[in-house]
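Remarks on the structure that follows.
The values are calculated or read from the model by the stated rules, or taken from the named source; none is laboratory data. Worth saying up front: this structure is predicted, and the values here are computed from it rather than measured. Counting neighbours? That spans all protein chains shown, and the Cβs are built from the backbone with ideal geometry, glycine included.
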Amino acid sequence: MPEPTAEDTIPVNAPVSAPATDGSSPAASILVVDDEVGIQESLEVLLSLENYAVKTAANGEEGLRMLDQSSFDLVLLDLALPGQSGIELLPQFKERQPDLPIIMITAYGTVDNVVEAIRAGADNFIQKPWDNEKLLADIRSAVARHRAEEENLQLKRTLKQRYNFANIVGKSELMLRVFDLVAQVAPSRSTVLIQGESGTGKEIIAKAIHANSPRRDKPFVPINTGAMPSELLESTLFGHVKGAFTSAVASKKGLFEVANGGTLFLDEIATMGLDTQSKILRVLQDKRFMHLGGIQELQVDVRILAATNVDLRQAVRDGRFREDLFYRLNVITVDLPPLRSRREDIPLLAQHFLDFYATENNFTPRKLSTDAMRALIDYDWPGNVRELENAIERGVVLSSGPLIGAELLPGQITGRSFQDALLEHNPNSSLFDILEVIERRIIIEKLERCNWNQTEAAEQFRIPLSTLNQKIKRLNIEIRKRGRE
(Lines give C-alpha, C1' and ligand atoms only; values in the text may rest on other atoms or scores of the structure.)
Protein backbone atom coordinates (compact mmCIF):
# COMPACT_ATOMS: atom_id res chain seq x y z
CA MET A 1 0.00 0.00 0.00
CA PRO A 2 1.72 3.25 -1.05
CA GLU A 3 2.10 6.23 1.19
CA PRO A 4 0.29 9.45 0.18
CA THR A 5 1.93 10.81 -2.95
CA ALA A 6 -0.57 13.12 -4.59
CA GLU A 7 0.25 16.00 -2.28
CA ASP A 8 3.52 17.42 -1.15
CA THR A 9 4.40 18.96 2.15
CA ILE A 10 4.46 22.54 3.40
CA PRO A 11 6.31 22.47 6.71
CA VAL A 12 6.04 26.21 7.40
CA ASN A 13 3.52 28.98 7.26
CA ALA A 14 3.73 29.46 3.49
CA PRO A 15 0.81 29.47 1.04
CA VAL A 16 0.86 27.31 -2.06
CA SER A 17 1.06 29.88 -4.81
CA ALA A 18 2.88 30.75 -7.97
CA PRO A 19 6.48 31.94 -7.64
CA ALA A 20 7.02 35.58 -6.87
CA THR A 21 7.55 37.76 -9.90
CA ASP A 22 8.10 41.07 -8.13
CA GLY A 23 11.75 40.49 -7.36
CA SER A 24 11.07 39.81 -3.67
CA SER A 25 12.86 36.45 -3.92
CA PRO A 26 14.97 34.76 -6.57
CA ALA A 27 13.23 32.47 -9.03
CA ALA A 28 13.12 28.85 -7.97
CA SER A 29 15.55 26.63 -9.87
CA ILE A 30 14.35 23.29 -11.24
CA LEU A 31 16.43 20.49 -12.76
CA VAL A 32 14.66 18.25 -15.31
CA VAL A 33 16.32 14.86 -15.85
CA ASP A 34 14.73 13.08 -18.84
CA ASP A 35 16.20 11.43 -21.92
CA GLU A 36 13.33 12.49 -24.22
CA VAL A 37 14.07 15.84 -25.88
CA GLY A 38 10.36 16.49 -26.37
CA ILE A 39 9.69 16.08 -22.66
CA GLN A 40 12.59 18.35 -21.78
CA GLU A 41 11.36 21.06 -24.13
CA SER A 42 7.72 20.88 -23.04
CA LEU A 43 8.63 21.06 -19.36
CA GLU A 44 11.08 23.88 -19.99
CA VAL A 45 8.38 25.91 -21.75
CA LEU A 46 5.71 25.15 -19.13
CA LEU A 47 7.95 25.97 -16.17
CA SER A 48 9.47 29.04 -17.78
CA LEU A 49 5.98 30.48 -18.17
CA GLU A 50 5.72 30.19 -14.38
CA ASN A 51 9.02 32.08 -14.01
CA TYR A 52 11.02 29.08 -12.84
CA ALA A 53 14.68 28.84 -13.83
CA VAL A 54 14.96 25.50 -15.64
CA LYS A 55 17.96 23.34 -16.52
CA THR A 56 17.80 19.99 -18.28
CA ALA A 57 19.88 16.79 -18.29
CA ALA A 58 19.51 13.79 -20.61
CA ASN A 59 20.70 11.15 -18.11
CA GLY A 60 21.51 10.60 -14.47
CA GLU A 61 25.25 11.16 -14.74
CA GLU A 62 24.72 14.56 -16.35
CA GLY A 63 22.10 15.43 -13.75
CA LEU A 64 24.45 14.55 -10.89
CA ARG A 65 27.19 16.71 -12.40
CA MET A 66 24.81 19.65 -12.64
CA LEU A 67 23.72 19.11 -9.04
CA ASP A 68 27.38 19.20 -7.97
CA GLN A 69 27.83 22.52 -9.77
CA SER A 70 24.58 24.30 -8.81
CA SER A 71 21.89 24.24 -6.15
CA PHE A 72 18.28 23.53 -7.08
CA ASP A 73 14.90 23.84 -5.39
CA LEU A 74 13.44 20.76 -7.11
CA VAL A 75 14.33 17.86 -9.40
CA LEU A 76 11.91 16.31 -11.92
CA LEU A 77 13.38 12.84 -12.45
CA ASP A 78 12.30 10.36 -15.11
CA LEU A 79 11.97 6.76 -13.98
CA ALA A 80 13.19 5.11 -17.19
CA LEU A 81 16.59 6.56 -18.05
CA PRO A 82 19.49 5.11 -20.04
CA GLY A 83 22.10 3.60 -17.75
CA GLN A 84 20.91 3.95 -14.19
CA SER A 85 17.16 4.18 -13.63
CA GLY A 86 15.52 7.00 -11.71
CA ILE A 87 15.05 4.69 -8.70
CA GLU A 88 18.77 3.87 -8.69
CA LEU A 89 19.66 7.55 -9.01
CA LEU A 90 17.41 8.74 -6.18
CA PRO A 91 19.81 7.86 -3.33
CA GLN A 92 22.67 9.56 -5.14
CA PHE A 93 20.67 12.78 -5.54
CA LYS A 94 19.63 12.61 -1.88
CA GLU A 95 23.20 11.99 -0.77
CA ARG A 96 24.30 15.22 -2.41
CA GLN A 97 21.37 17.28 -1.14
CA PRO A 98 19.29 15.38 1.46
CA ASP A 99 16.46 17.92 1.65
CA LEU A 100 16.09 18.34 -2.12
CA PRO A 101 12.51 17.55 -3.22
CA ILE A 102 12.35 15.02 -6.08
CA ILE A 103 9.26 14.33 -8.17
CA MET A 104 9.37 11.16 -10.25
CA ILE A 105 7.86 11.26 -13.75
CA THR A 106 7.08 8.09 -15.68
CA ALA A 107 4.79 6.45 -18.16
CA TYR A 108 4.79 3.31 -15.99
CA GLY A 109 2.88 4.34 -12.90
CA THR A 110 2.28 0.95 -11.33
CA VAL A 111 1.63 0.60 -7.60
CA ASP A 112 4.96 -1.20 -7.20
CA ASN A 113 6.80 1.66 -8.90
CA VAL A 114 5.08 4.22 -6.69
CA VAL A 115 5.89 2.32 -3.50
CA GLU A 116 9.51 1.76 -4.54
CA ALA A 117 9.99 5.42 -5.49
CA ILE A 118 8.48 6.74 -2.26
CA ARG A 119 10.57 4.37 -0.15
CA ALA A 120 13.67 5.46 -2.05
CA GLY A 121 13.02 9.07 -1.11
CA ALA A 122 10.81 10.53 -3.85
CA ASP A 123 8.45 13.25 -2.68
CA ASN A 124 5.83 12.67 -5.35
CA PHE A 125 5.05 10.59 -8.41
CA ILE A 126 3.56 11.99 -11.64
CA GLN A 127 2.43 9.79 -14.52
CA LYS A 128 2.75 10.70 -18.20
CA PRO A 129 0.77 12.26 -19.78
CA TRP A 130 0.31 14.65 -16.90
CA ASP A 131 -2.22 17.35 -16.19
CA ASN A 132 -0.39 20.70 -16.37
CA GLU A 133 -2.34 22.32 -13.54
CA LYS A 134 -1.83 19.40 -11.19
CA LEU A 135 1.86 19.17 -12.06
CA LEU A 136 2.32 22.89 -11.42
CA ALA A 137 0.42 22.66 -8.13
CA ASP A 138 2.65 19.79 -6.97
CA ILE A 139 5.76 21.72 -8.00
CA ARG A 140 4.61 24.84 -6.15
CA SER A 141 4.01 22.81 -2.99
CA ALA A 142 7.42 21.12 -3.22
CA VAL A 143 9.27 24.37 -3.90
CA ALA A 144 7.41 26.15 -1.08
CA ARG A 145 8.32 23.34 1.31
CA HIS A 146 11.97 23.33 0.27
CA ARG A 147 12.36 27.08 0.59
CA ALA A 148 10.51 27.05 3.89
CA GLU A 149 12.83 24.37 5.24
CA GLU A 150 15.83 26.45 4.20
CA GLU A 151 14.25 29.46 5.92
CA ASN A 152 13.63 27.41 9.05
CA LEU A 153 17.22 26.19 9.10
CA GLN A 154 18.51 29.73 8.78
CA LEU A 155 16.10 30.84 11.50
CA LYS A 156 17.41 28.16 13.86
CA ARG A 157 20.97 29.28 13.18
CA THR A 158 20.03 32.91 13.84
CA LEU A 159 18.24 32.05 17.09
CA LYS A 160 21.18 29.90 18.18
CA GLN A 161 23.65 32.70 17.50
CA ARG A 162 21.49 35.32 19.19
CA TYR A 163 20.21 33.42 22.20
CA ASN A 164 22.15 30.13 22.51
CA PHE A 165 18.94 28.35 23.53
CA ALA A 166 18.73 24.58 23.13
CA ASN A 167 15.48 22.94 21.99
CA ILE A 168 13.47 26.17 22.03
CA VAL A 169 11.74 26.58 18.71
CA GLY A 170 9.64 29.48 17.48
CA LYS A 171 9.54 32.49 15.21
CA SER A 172 6.28 34.12 16.30
CA GLU A 173 6.32 37.59 17.80
CA LEU A 174 5.04 36.16 21.08
CA MET A 175 7.94 33.72 21.37
CA LEU A 176 10.54 36.24 20.25
CA ARG A 177 9.44 38.41 23.18
CA VAL A 178 9.88 35.43 25.48
CA PHE A 179 13.35 34.80 24.04
CA ASP A 180 14.35 38.41 24.61
CA LEU A 181 13.11 38.33 28.20
CA VAL A 182 14.87 35.04 28.96
CA ALA A 183 18.12 36.34 27.49
CA GLN A 184 17.81 39.47 29.62
CA VAL A 185 17.06 37.78 32.96
CA ALA A 186 19.31 34.71 32.59
CA PRO A 187 22.58 36.40 33.75
CA SER A 188 20.94 37.79 36.90
CA ARG A 189 20.44 36.15 40.30
CA SER A 190 16.72 36.96 40.38
CA THR A 191 13.97 34.45 41.05
CA VAL A 192 11.83 33.84 37.96
CA LEU A 193 8.22 32.66 37.84
CA ILE A 194 7.32 30.88 34.59
CA GLN A 195 3.59 30.77 33.87
CA GLY A 196 1.76 28.89 31.15
CA GLU A 197 -0.67 26.11 30.37
CA SER A 198 0.42 22.49 30.72
CA GLY A 199 2.65 21.40 27.86
CA THR A 200 3.88 24.86 26.83
CA GLY A 201 7.51 24.07 27.68
CA LYS A 202 8.07 25.71 31.06
CA GLU A 203 10.92 23.39 32.03
CA ILE A 204 12.67 24.02 28.71
CA ILE A 205 12.54 27.75 29.42
CA ALA A 206 13.91 27.13 32.92
CA LYS A 207 16.79 25.12 31.44
CA ALA A 208 17.50 27.95 28.98
CA ILE A 209 17.69 30.46 31.83
CA HIS A 210 20.10 28.23 33.72
CA ALA A 211 22.23 27.43 30.65
CA ASN A 212 22.70 31.13 29.91
CA SER A 213 23.46 32.14 33.49
CA PRO A 214 26.77 32.26 35.41
CA ARG A 215 25.55 29.05 37.12
CA ARG A 216 25.59 27.04 33.90
CA ASP A 217 28.44 24.81 35.11
CA LYS A 218 26.60 23.98 38.35
CA PRO A 219 23.62 21.61 38.77
CA PHE A 220 20.19 22.25 37.31
CA VAL A 221 17.83 20.30 39.58
CA PRO A 222 14.15 20.01 38.60
CA ILE A 223 11.38 18.69 40.84
CA ASN A 224 7.65 18.33 40.22
CA THR A 225 6.26 19.49 43.54
CA GLY A 226 2.80 18.20 42.71
CA ALA A 227 3.93 14.61 42.28
CA MET A 228 4.48 13.71 45.96
CA PRO A 229 2.82 14.10 49.37
CA SER A 230 3.85 16.95 51.66
CA GLU A 231 6.13 15.01 54.06
CA LEU A 232 7.98 13.29 51.22
CA LEU A 233 8.30 16.59 49.34
CA GLU A 234 9.88 18.32 52.35
CA SER A 235 12.27 15.43 52.86
CA THR A 236 13.19 15.55 49.17
CA LEU A 237 13.76 19.31 49.22
CA PHE A 238 15.45 19.78 52.59
CA GLY A 239 16.85 16.34 53.38
CA HIS A 240 16.51 14.57 56.72
CA VAL A 241 18.51 13.10 59.55
CA LYS A 242 18.39 9.47 60.56
CA GLY A 243 15.26 8.71 62.58
CA ALA A 244 13.41 11.89 61.52
CA PHE A 245 10.47 9.68 60.59
CA THR A 246 9.70 5.98 60.47
CA SER A 247 11.39 5.16 57.16
CA ALA A 248 14.38 7.48 57.69
CA VAL A 249 16.93 4.72 58.28
CA ALA A 250 19.81 6.96 57.23
CA SER A 251 20.51 10.66 56.82
CA LYS A 252 19.97 12.07 53.35
CA LYS A 253 20.77 15.30 51.56
CA GLY A 254 17.95 17.33 50.07
CA LEU A 255 17.73 18.92 46.64
CA PHE A 256 18.66 22.34 48.01
CA GLU A 257 22.05 20.91 48.92
CA VAL A 258 22.33 19.04 45.63
CA ALA A 259 21.59 22.27 43.73
CA ASN A 260 24.01 24.38 45.79
CA GLY A 261 25.68 26.91 43.48
CA GLY A 262 23.21 26.08 40.73
CA THR A 263 19.50 26.27 40.01
CA LEU A 264 16.50 24.56 41.59
CA PHE A 265 13.42 24.38 39.38
CA LEU A 266 10.13 24.00 41.29
CA ASP A 267 7.47 22.86 38.85
CA GLU A 268 3.75 23.05 39.70
CA ILE A 269 4.58 25.15 42.74
CA ALA A 270 0.91 25.99 43.37
CA THR A 271 0.34 22.41 44.53
CA MET A 272 2.61 22.74 47.59
CA GLY A 273 1.01 22.81 51.02
CA LEU A 274 1.09 26.01 53.07
CA ASP A 275 3.62 24.59 55.59
CA THR A 276 6.05 23.71 52.81
CA GLN A 277 5.49 27.12 51.24
CA SER A 278 6.59 28.83 54.46
CA LYS A 279 9.84 26.83 54.51
CA ILE A 280 10.51 27.66 50.84
CA LEU A 281 9.97 31.34 51.68
CA ARG A 282 12.60 31.19 54.42
CA VAL A 283 15.17 29.69 52.07
CA LEU A 284 14.44 32.41 49.53
CA GLN A 285 14.85 35.13 52.13
CA ASP A 286 17.73 33.83 54.29
CA LYS A 287 19.37 31.13 52.13
CA ARG A 288 19.16 28.89 55.22
CA PHE A 289 17.23 25.76 56.16
CA MET A 290 17.42 22.69 58.39
CA HIS A 291 17.12 18.99 57.63
CA LEU A 292 13.90 17.39 58.77
CA GLY A 293 14.55 16.32 62.35
CA GLY A 294 17.79 18.28 62.45
CA ILE A 295 18.90 21.17 64.65
CA GLN A 296 21.77 22.62 62.61
CA GLU A 297 21.14 25.35 60.06
CA LEU A 298 22.63 24.93 56.60
CA GLN A 299 23.37 27.74 54.18
CA VAL A 300 23.08 27.38 50.41
CA ASP A 301 23.43 29.52 47.32
CA VAL A 302 20.60 28.39 45.06
CA ARG A 303 18.68 30.26 42.40
CA ILE A 304 14.98 29.40 42.41
CA LEU A 305 12.99 29.11 39.21
CA ALA A 306 9.33 28.24 39.71
CA ALA A 307 6.56 27.29 37.30
CA THR A 308 2.81 27.03 37.48
CA ASN A 309 -0.14 26.43 35.17
CA VAL A 310 -2.66 28.12 37.48
CA ASP A 311 -3.41 31.72 38.38
CA LEU A 312 -1.35 32.27 41.54
CA ARG A 313 -3.09 35.57 42.30
CA GLN A 314 -6.40 33.74 42.44
CA ALA A 315 -4.78 31.02 44.56
CA VAL A 316 -3.68 33.76 47.00
CA ARG A 317 -7.23 35.14 47.13
CA ASP A 318 -8.54 31.63 47.76
CA GLY A 319 -6.10 31.12 50.63
CA ARG A 320 -4.30 28.27 48.85
CA PHE A 321 -1.03 30.11 48.32
CA ARG A 322 0.92 32.41 50.60
CA GLU A 323 0.83 36.03 49.49
CA ASP A 324 4.35 36.74 50.76
CA LEU A 325 5.74 33.75 48.83
CA PHE A 326 3.91 34.84 45.71
CA TYR A 327 5.51 38.28 45.77
CA ARG A 328 8.92 36.73 46.56
CA LEU A 329 8.61 34.44 43.54
CA ASN A 330 7.04 36.99 41.24
CA VAL A 331 10.15 39.15 40.86
CA ILE A 332 10.28 38.44 37.13
CA THR A 333 7.48 36.63 35.30
CA VAL A 334 7.79 34.81 31.99
CA ASP A 335 4.39 34.12 30.42
CA LEU A 336 4.42 31.32 27.87
CA PRO A 337 1.67 31.58 25.24
CA PRO A 338 -0.44 28.52 24.37
CA LEU A 339 0.32 26.90 21.04
CA ARG A 340 -3.05 27.96 19.59
CA SER A 341 -1.95 31.59 20.01
CA ARG A 342 1.20 31.09 17.94
CA ARG A 343 0.12 28.87 15.07
CA GLU A 344 2.90 30.16 12.86
CA ASP A 345 5.29 28.20 15.10
CA ILE A 346 3.52 24.87 14.51
CA PRO A 347 5.30 23.98 11.22
CA LEU A 348 8.69 24.84 12.71
CA LEU A 349 7.99 22.76 15.83
CA ALA A 350 6.64 19.89 13.73
CA GLN A 351 9.81 19.79 11.64
CA HIS A 352 11.94 19.92 14.78
CA PHE A 353 10.15 16.86 16.21
CA LEU A 354 10.19 15.07 12.84
CA ASP A 355 13.96 15.41 12.68
CA PHE A 356 14.39 14.37 16.31
CA TYR A 357 12.25 11.22 16.23
CA ALA A 358 13.46 10.10 12.81
CA THR A 359 17.04 10.30 14.09
CA GLU A 360 16.17 8.65 17.40
CA ASN A 361 14.54 5.70 15.65
CA ASN A 362 17.22 5.41 12.94
CA PHE A 363 14.63 6.22 10.27
CA THR A 364 15.18 8.11 7.05
CA PRO A 365 14.05 11.77 7.24
CA ARG A 366 10.27 12.23 7.51
CA LYS A 367 8.02 14.96 6.15
CA LEU A 368 4.34 15.83 6.58
CA SER A 369 1.85 15.86 3.74
CA THR A 370 -0.04 19.05 2.97
CA ASP A 371 -3.22 17.62 4.54
CA ALA A 372 -1.34 16.59 7.66
CA MET A 373 0.24 20.01 8.10
CA ARG A 374 -3.08 21.79 7.57
CA ALA A 375 -4.68 19.54 10.19
CA LEU A 376 -1.93 20.45 12.66
CA ILE A 377 -2.31 24.17 12.00
CA ASP A 378 -6.13 24.06 12.30
CA TYR A 379 -6.18 22.07 15.56
CA ASP A 380 -6.51 23.96 18.88
CA TRP A 381 -3.89 21.94 20.83
CA PRO A 382 -5.28 21.76 24.37
CA GLY A 383 -2.13 19.83 25.30
CA ASN A 384 0.09 22.45 23.62
CA VAL A 385 3.63 21.62 22.48
CA ARG A 386 3.71 18.33 24.40
CA GLU A 387 0.62 17.11 22.53
CA LEU A 388 2.15 18.16 19.21
CA GLU A 389 5.35 16.30 20.05
CA ASN A 390 3.40 13.14 20.87
CA ALA A 391 1.44 13.38 17.61
CA ILE A 392 4.62 13.74 15.56
CA GLU A 393 6.34 10.86 17.36
CA ARG A 394 3.32 8.68 16.63
CA GLY A 395 3.36 9.64 12.96
CA VAL A 396 7.07 8.88 12.63
CA VAL A 397 6.79 5.50 14.32
CA LEU A 398 3.75 4.42 12.30
CA SER A 399 5.08 5.63 8.95
CA SER A 400 6.50 3.23 6.39
CA GLY A 401 8.09 5.87 4.17
CA PRO A 402 9.33 9.46 4.19
CA LEU A 403 5.89 11.08 3.78
CA ILE A 404 3.50 11.16 6.76
CA GLY A 405 -0.13 11.61 5.78
CA ALA A 406 -3.03 12.92 7.86
CA GLU A 407 -4.28 9.36 8.42
CA LEU A 408 -1.30 8.73 10.72
CA LEU A 409 -2.24 11.60 13.05
CA PRO A 410 -4.47 11.03 16.09
CA GLY A 411 -8.17 11.11 15.29
CA GLN A 412 -8.90 14.11 17.54
CA ILE A 413 -6.58 16.22 15.37
CA THR A 414 -8.03 15.26 11.98
CA GLY A 415 -11.58 14.74 13.22
CA ARG A 416 -11.89 11.41 11.48
CA SER A 417 -11.01 7.81 12.11
CA PHE A 418 -7.99 6.05 10.64
CA GLN A 419 -10.23 3.80 8.54
CA ASP A 420 -12.20 6.80 7.19
CA ALA A 421 -9.00 8.61 6.24
CA LEU A 422 -7.59 5.48 4.61
CA LEU A 423 -10.66 4.91 2.45
CA GLU A 424 -10.97 8.61 1.59
CA HIS A 425 -7.34 8.89 0.49
CA ASN A 426 -7.34 5.58 -1.39
CA PRO A 427 -10.90 5.14 -2.72
CA ASN A 428 -9.78 2.56 -5.29
CA SER A 429 -7.83 0.40 -2.86
CA SER A 430 -8.64 -3.28 -2.74
CA LEU A 431 -9.81 -4.94 0.46
CA PHE A 432 -6.44 -6.71 0.67
CA ASP A 433 -4.58 -3.38 0.50
CA ILE A 434 -6.77 -1.85 3.22
CA LEU A 435 -6.39 -4.85 5.51
CA GLU A 436 -2.62 -4.83 4.98
CA VAL A 437 -2.33 -1.19 6.06
CA ILE A 438 -4.51 -1.82 9.12
CA GLU A 439 -2.48 -4.93 10.01
CA ARG A 440 0.73 -2.94 9.74
CA ARG A 441 -0.57 -0.25 12.05
CA ILE A 442 -1.77 -2.77 14.65
CA ILE A 443 1.61 -4.52 14.70
CA ILE A 444 3.50 -1.24 15.09
CA GLU A 445 1.26 -0.10 17.94
CA LYS A 446 1.72 -3.43 19.72
CA LEU A 447 5.50 -3.24 19.27
CA GLU A 448 5.45 0.30 20.64
CA ARG A 449 3.56 -0.84 23.76
CA CYS A 450 6.07 -3.67 24.22
CA ASN A 451 9.03 -1.27 23.90
CA TRP A 452 9.82 -2.96 20.58
CA ASN A 453 10.41 -6.34 22.23
CA GLN A 454 9.37 -8.66 19.41
CA THR A 455 9.24 -11.74 21.63
CA GLU A 456 6.86 -10.05 24.05
CA ALA A 457 4.72 -8.73 21.19
CA ALA A 458 4.48 -12.21 19.64
CA GLU A 459 3.37 -13.64 22.98
CA GLN A 460 0.66 -11.00 23.33
CA PHE A 461 -0.51 -11.67 19.77
CA ARG A 462 -0.44 -15.40 20.60
CA ILE A 463 1.54 -16.19 17.46
CA PRO A 464 5.01 -17.69 16.97
CA LEU A 465 7.89 -15.22 16.92
CA SER A 466 8.82 -16.46 13.43
CA THR A 467 5.33 -15.52 12.17
CA LEU A 468 5.63 -12.02 13.62
CA ASN A 469 9.09 -11.59 12.08
CA GLN A 470 7.74 -12.64 8.69
CA LYS A 471 4.96 -10.06 8.96
CA ILE A 472 7.42 -7.35 10.01
CA LYS A 473 9.55 -8.11 6.95
CA ARG A 474 6.59 -8.35 4.55
CA LEU A 475 5.05 -5.10 5.80
CA ASN A 476 8.42 -3.28 5.70
CA ILE A 477 8.26 -2.27 9.36
CA GLU A 478 11.41 -0.54 10.55
CA ILE A 479 12.37 -1.78 14.01
CA ARG A 480 13.25 1.12 16.27
CA LYS A 481 15.65 1.07 19.19
CA ARG A 482 14.45 -0.18 22.53
CA GLY A 483 14.81 1.51 25.86
CA ARG A 484 13.97 5.16 25.07
CA GLU A 485 13.39 7.05 28.27
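What the table below lists for this structure:
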{"read-out": "Every pair of residues 6+ apart whose Cβ atoms lie under 7 Å, when the first sits in the stretch 366-385 and is closer than 9 Å to Ile404 by Cα while the second is hydroxyl-bearing (Ser, Thr, Tyr) and buried (at least 20 other Cβ atoms within 10 Å of the Cβ)", "value": "Arg366/Ser399; Lys367/Thr9; Leu368/Thr9; Ser369/Thr9"}
{"read-out": "The lone exception for Arg374 - which of (1) outside the structural domain of Trp452 (by TED's automatic domain parsing); (2) more than 24 Å from Asn167 (Cβ to Cβ) it fails", "value": "(1)"}
{"read-out": "Long-range neighbours under 7 Å by Cβ, at least six apart or interchain, first residue of a type in the set (Ser, Thr, Tyr) within the stretch 55-73, second surrounded by 19 or more Cβ atoms within 10 Å (Cβ to Cβ) and modelled with pLDDT of 90 or more", "value": "Thr56/Val32"}
{"read-out": "Residue within the stretch 326-340 that is part of a helix (DSSP H, G or I) and at pLDDT below 90 present", "value": "no"}
{"read-out": "Residue match in the stretch 230-246 (condition: surrounded by 15 or more Cβ atoms within 10 Å (Cβ to Cβ), more than 18 Å from Lys279 (Cα to Cα) and among the charged types (D, E, K, R))", "value": "no"}
{"read-out": "Enumeration of residues in the stretch 183-205 that are surrounded by fewer than 21 Cβ atoms within 10 Å (Cβ to Cβ) and part of a helix (DSSP H, G or I)", "value": "Ala183, Gln184, Val185, Glu203, Ile204"}
{"read-out": "Unique residue being surrounded by fewer than 17 Cβ atoms within 10 Å (Cβ to Cβ), among the small types (Gly, Ala, Ser) and on the phi > 0 side of the Ramachandran plot when the list is Gly226, Gly261", "value": "Gly261"}
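Here is a yes/no grid of residues against (1) at pLDDT below 90; (2) surrounded by fewer than 22 Cβ atoms within 10 Å (Cβ to Cβ); (3) among the charged types (D, E, K, R); (4) in a helix (DSSP H, G or I):
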site	(1), (2), (3), (4)
Ala358	no, yes, no, yes
Pro365	yes, yes, no, no
Met373	yes, no, no, yes
Asp380	no, yes, yes, no
Glu387	no, yes, yes, yes
Asn390	no, yes, no, yes
Gly395	no, no, no, yes
Gly401	yes, no, no, no
